Amino acid sequence: KQEVTQIPAALSVPEGENLVLNCSFTDSAIYNLQWFRQDPGKGLTSLLLIQSSQREQTSGRLNASLDKSSGRSTLYIAASQPGDSATYLCAVRPIGTSYGKLTFGQGTILTVHP
Amino acid sequence: GAVVSQHPSRVICKSGTSVKIECRSLDFQATTMFWYRQFPKQSLMLMATSNEGSKATYEQGVEKDKFLINHASLTLSTLTVTSAHPEDSSFYICSASGGTGNNEKLFFGSGTQLSVL
């Protein structure tokens, strides 16, 4: 059974710092891995999607990498801002599942203070 | 703007009552929708896959008679929590897939916070 783990569970940093969030998964048989952002009491916003054949994806200040063989992904946030404060979730789509059947990690709660 | 609308955003009900949550795809047809549940400080757990015009597929451990799913049209899926109890209090989120092939994307609703007294 696929398990997704995120470290750290919570992170508090001053504004302007670069930071890394970690995600690991136990089964490398995946179609893709996604990073999401969730604001309190809200739904999810997709940040980056990495296909299993890709190594990384970038969007603005965000960069996500994927090492499928070792079951790891990182989300790098450059020059963090208070508006980046949210819960960040990573999720994988296991091979053999339909689109949308994702296995999520428990999330990293990020707080960026001014 | 939001492409998946979910409501209500928050509901408080008495134990024993039933609650219906709606999930609508606003500008695309969604043959498949997904229902997730999230307990405080825990991950999203897939409850069921909702297929238009057919019965939903439930994940192991999810009671299909308690969580009724109806996907009557290509733009609407509903989740009804029947005879709700305090342990059903949770955050419920739907998602819908749109597009095909490399253009296929997954969109999430804004979630429903259910509190059962």
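The values are calculated or read from the model by the stated rules, or taken from the named source; none is laboratory data. Note that the structure is predicted; figures quoted are calculated from it, not measured. Because the Cβ atoms are built from the backbone with ideal geometry, glycine has one as well, and the counts that use them run over all protein chains shown. When the accessible area is computed, the model is the full protein with side chains, heavy atoms only, and any ligands, DNA or RNA have been set aside. Shrake-Rupley method; radii C 1.70, N 1.55, O 1.52, S 1.80 Å.
Report in % the part of the accessible area of chain A that belongs to carbon and sulfur, leaving out ligands and nucleic acids; probe 1.4 Å. All intermediate terms of the calculation are to be shown ahead of the outcome.
On the way: 2600 of 5290 Å².
Answer for chain A is 49 percent, counting heavy atoms of protein chains only.
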message: Could you tell me the calculated FRET efficiency between A:THR26 and B:LEU117, based on Cβ-Cβ distance and R0 = 35 angstrom, to the nearest 0.05?
response: 0.35
message: Counting only protein heavy atoms and a 1.4 Å probe, tell me what percentage of chain B's accessible area is made up of carbon and sulfur.
response: 49
query: In the stretch A:95-114, what residues drop by 50 Å² or more in accessible surface going from the chain by itself to the full protein assembly, probe 1.4 Å?
result: A:TYR99, A:GLY100, A:LYS101, A:PHE104
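If you place +1 on the Cβ of every Lys and Arg, -1 on the Cβ of every Asp and Glu, and leave all else neutral, what size is the dipole of chain B about its Cα centre, to the nearest 20 Debye? Could you put the intermediate results ahead of the total?
On the way: 10 positive and 9 negative charges, 45 e Å.
It works out to roughly 220 debye.
Over 18 Å between Cα atoms: which of A:LYS68/B:LYS105; B:LYS20/B:LYS66; B:LYS41/B:LYS64 fall into that group?
Working: A:LYS68/B:LYS105 21 Å; B:LYS20/B:LYS66 12 Å; B:LYS41/B:LYS64 25 Å.
Those over the limit are A:LYS68/B:LYS105; B:LYS41/B:LYS64.
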task: Rank A:SER80, A:PRO40, A:THR103 by how far each Cα sits towards the positive end of the charge dipole of the stretch A:39-114 (+1 on Lys, Arg Cβ; -1 on Asp, Glu Cβ) and give me just the farthest.
output: A:THR103
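Summing both sides, how much accessible area is buried between B and A? Use a 1.4 Å probe and give Å² to the nearest 100.
Details: alone 6630 and 5990 Å², together 11250 Å².
The B and A chains share an interface burying roughly 1400 Å².
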message: Between the stretch B:46-73 and the stretch A:32-93, what is the separation of their alpha carbon centroids in Å?
response: 28
message: Quick check for you: with a 1.4 Å probe and neighbouring chains kept, what is the accessible area per residue of chain B, in Å²?
response: 51
- request: Mind running the shape call on the protein assembly as shown? Use the C-alpha gyration tensor, a ≥ b ≥ c as the square roots of the eigenvalues: rounded below 1.5 for a/c, prolate if a/b tops b/c, oblate otherwise.
  value: prolate
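Using Cα-Cα distances under 8 Å and only pairs 6 or more residues apart, what relative contact order does chain B have, in percent? Could you put the intermediate results ahead of the total?
Values: 291 pairs, mean separation 41.8, N = 117.
The normalised contact order for chain B reaches 36 percent.
Roughly how big is the stretch A:1-74's charge dipole about its Cα centre, with Cβ charges of +1 (Lys, Arg) and -1 (Asp, Glu), in debye to the nearest 20? Present the calculation step by step, with values, prior to reporting the outcome.
Values: 7 positive and 7 negative charges, 34 e Å.
So the dipole magnitude of the stretch A:1-74 works out to roughly 160 debye.
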message: What do you get for chymotrypsin sites (Phe, Trp or Tyr not before Pro) in the stretch B:23-58 restricted to DSSP loop and a cutoff of at most 16 other Cβ within 10 Å of the site's Cβ?
response: B:PHE28
task: Counting only trypsin sites (Lys or Arg not before Pro) that are in a DSSP loop and have at most 11 other C-beta atoms within 10 Å, tell me the longest site-free stretch of chain A.
output: A:56-114
